[in-house]
1. Any idea which residue in region 295-315 is surrounded by the fewest Cβ atoms within 10 Å (Cβ to Cβ), counting only those that are within 30 Å of residue 248 (Cβ to Cβ) and of a type in the set (A, V, I, L, M)?
2. Any chance region 379-398 includes a residue that's outside any strand (DSSP E or B) and among the small types (Gly, Ala, Ser)?
3. Tell me, yes or no, whether region 566-585 has at least one residue that is among the polar types (S, T, N, Q), out of contact with any Phe, Trp or Tyr (no Cβ under 6 Å at 6 or more places or on another chain) and not in a loop (DSSP other than H, G, I, E, B).
4. For the list (1) in contact (Cβ under 8 Å) with a residue 12 or more places away in the chain; (2) part of a helix (DSSP H, G or I); (3) out of contact with any helix residue (DSSP H, G or I) (no Cβ under 8 Å at 6 or more places or on another chain); (4) not assigned by TED's automatic domain parsing to the domain that holds residue 229, I need the number of the one condition that residue 56 fails.
5. Within region 12-41, which residues are free of Cβ contacts under 8 Å to residues at least 12 places away in the same chain and assigned to a loop (DSSP other than H, G, I, E, B)?
6. Select the strands (runs of 3 or more DSSP E) contained entirely in region 461-536, then report the ones holding at least 1 residues which are closer than 19 Å to residue 349 by Cα and modelled with pLDDT of 90 or more.
7. Which of the numbered conditions does residue 304 fail, given that it passes all the others? Conditions: (1) assigned to a helix (DSSP H, G or I); (2) closer than 30 Å to residue 515 by Cβ; (3) in the same structural domain as residue 500 (by TED's automatic domain parsing).
Amino acid sequence: MIDITLPDGSVRQFEAGATGYDVAASISEGLARNALAVRVDGEVRDLHRPIDQSSNLEILTWNDAGGKMAFWHSSAHLLAEALEALYPGVKLGIGPAIENGFYYDIDLGEGRTISTDDFPAIEKKMLELAKQKSRFECRPVPKAEAVAYFTEKDDPYKLDLIDRLEDGSITFYQQGNFVDLCRGPHLPDTSPIKAVKLLNVAGAYWRGDEKNKQLTRIYGITFPKAKELTEYLEKLEEAKRRDHRKLGKELELFAFSEKVGAGLPLWLPKGTALRERLEQFLRKAQIKSGYLPVVTPHIGSKELYVTSGHYEKYGADSFQPIKTPNPGEEFFLKPMNCPHHCEIYKTKPRSYRDLPLRLAEFGTVYRYEQSGELHGLTRVRGFTQDDAHIFCRPDQVKDEFKKVIDLVLYVFRALGFEDYTAQISLRDPENKTKYIGSDENWALAESAIQEAATEKGLPTVTEYGEAAFYGPKLDFMVRDALGRKWQLGTIQVDYNLPERFDLEYVAPDNSRQRPVMLHRAPFGSLERFVAVLIEHCAGNFPLWLAPEQFAVLPISEKYQEYAQQVYDRLQGEELRGSIDNRDEKIGRKIRDAEISKVPYMLIVGEKEQENGQVSVRRHGEGDVGSLPVEEFIAKFQAEVAALIK
């Protein structure tokens, strides 16, 4: 017999070899009917895979991320099966589940292409296959047999994958007559897949290497109900309306220029005002929290990044080195701020009394992202991090970590991000070669993060293999107004860079000790944060942040002088706005201000001039009545204060 511990802590006994389905059925018929997969000791598995030892177990349905992963991974196989039926001889690359749906990379062969015009026929075939209720059967396969199978199919991509696998670790999955090389997990059968939509077709180099052949990548999504697909497609349309690239152009926030270079944004005056407002907001909060502002160069010597380990890990993703007339001297555009801050720490001897030392910088860094990966402000080659590094004693780590959590949550509240999860990103225990540092230091860092998150009562998930190369981290995963998940703020615990840079402080007993380093960035990248914020609020920024908070709209030329008086009074209180003195009808002025998403429109005419008032119109709401100018200012300031208290 084996003990199965459920998420609520209850324990049930089963015979060894019982499956997740057996456990679900023992709880309720409904749960068994809706179960898609199972998580056993943290690993998502097939629902019908035997369990041979006592384990922690969670039944996964469509409402769970693991359930969706199995659903969409199975849908990728269904897509591949449909493509083999419709395009004989097609060669298959990889077909994983992604955050929303799945894709499959394929090689159609010379002279054949797929466009969106072909999608309806492929979708029809997928639904036809799904209705056959074919079981997903997993079968271990010796390496020689796997090679023979895909050699006969003349599929070089599967053979390339197999070549990198060890004998004894290879499995095939089969549904109907379709067989694929795969680790799983999958649904019990194809029947839950009731709604299919192929979304996009793009090019993708095999293994992401530009030296390899470019394959055709087909993106799709599936659902257990047609209604859910309809709702998803409606969200996609709303996402297009909120696209930060579209709104950024309409609101005159930022631009790109081919002559400047791909992935290098140009901030326009209104966008610069928005960006500077964000910086001022965080600078003020940081000063209150004891941070010291610093500024470091945009370049650094190669030796700096060799010492930090960034050259080894990120050298291939950096811009080419800058060579000087001095033989052997090389510089890099700064890919990270942390090595520079380590050198600031070393500018003078430090005592335990000096710690924690909190150094903060809005530092611009540069990374050579592949051209195909660039996307508006969310993926760029030059971006500014709201970076800070806290050098502290080991006994201060947890308290400092908790203070940073408080700062991140303060930022989220002020900007309307209320739906978030803290992801504890740990080292991959099966592949430690990707990381630097001792097991002892990693254990200390990971436990500090876990304890701090627990003590702050954060909703958390744990992901293995997502740590930075020098230490574990806490990543804040935020859901926007459309339910999309973004990684924004991050906090990292690092025992390794202080060691690599030989950082020290003098302890009370006069011994020399190593500080611990916390890396933190509540915004992350300012560019990416602004992009997410634009789409989250559809360009309707919080009042305190809006580049243009008001527009004074005189009804006619007769009232321009009074409009100027109102404008000057508001500017005197540091409100940001403009006067629309164009020779246009008031309706046109209102419409243009609405399109520009100006929060407050202040209409002035004869009545307003006589009474020292403004007729107030709120963006998206309409008229809210006439107020004396001083009363409007008081209400405005109270609204701002409530947002960023």
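1. Filtering region 295-315 for residues within 30 Å of residue 248 (Cβ to Cβ) gives 295-299, 314.
Next, only the ones that are of a type in the set (A, V, I, L, M) stay: 295, 299.
Working: 295: 9, 299: 14.
Ranking the qualifying residues of region 295-315, first place goes to 295.
2. So the first thing to find is which residues in region 379-398 are outside any strand (DSSP E or B), and the list is 380-381, 393-398.
Filter once more, so that each one left must be among the small types (Gly, Ala, Ser): none.
No, because not a single residue in region 379-398 is outside any strand (DSSP E or B) and among the small types (Gly, Ala, Ser).
3. So the first thing to find is which residues in region 566-585 are among the polar types (S, T, N, Q), and the list is 571, 578, 581.
Filter once more, so that each one left must be out of contact with any Phe, Trp or Tyr (no Cβ under 6 Å at 6 or more places or on another chain): 571, 578, 581.
Now narrow it down to the ones that are not in a loop (DSSP other than H, G, I, E, B): 571, 578.
Yes, the conditions are met somewhere in region 566-585.
4. Result: residue 56 passes all but (2).
5. Pass one, region 12-41, residues free of Cβ contacts under 8 Å to residues at least 12 places away in the same chain: 22, 25, 28-30, 32-33.
Correct list: 28 only.
6. Values: elements: 473-479, 485-494, 516-521.
Qualifying strands (runs of 3 or more DSSP E): 516-521.
7. Exception for residue 304: condition (3).
A quick yes/no check of all residues on (1) in a loop (DSSP other than H, G, I, E, B); (2) in the same structural domain as residue 213 (by TED's automatic domain parsing); (3) within 22 Å of residue 191 (Cβ to Cβ); (4) hydroxyl-bearing (Ser, Thr, Tyr):
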{"residue": "122", "(1), (2), (3), (4)": "no, yes, yes, no"}
{"residue": "126", "(1), (2), (3), (4)": "no, yes, yes, no"}
{"residue": "138", "(1), (2), (3), (4)": "no, yes, yes, no"}
{"residue": "151", "(1), (2), (3), (4)": "no, yes, no, yes"}
{"residue": "159", "(1), (2), (3), (4)": "no, yes, no, no"}
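The values are calculated or read from the model by the stated rules, or taken from the named source; none is laboratory data. Computed from a prediction, not measured in an experiment: that's the story for all the values here. Note that each Cβ is placed from the backbone with ideal geometry, even for glycine, and that neighbours are counted across all protein chains shown.
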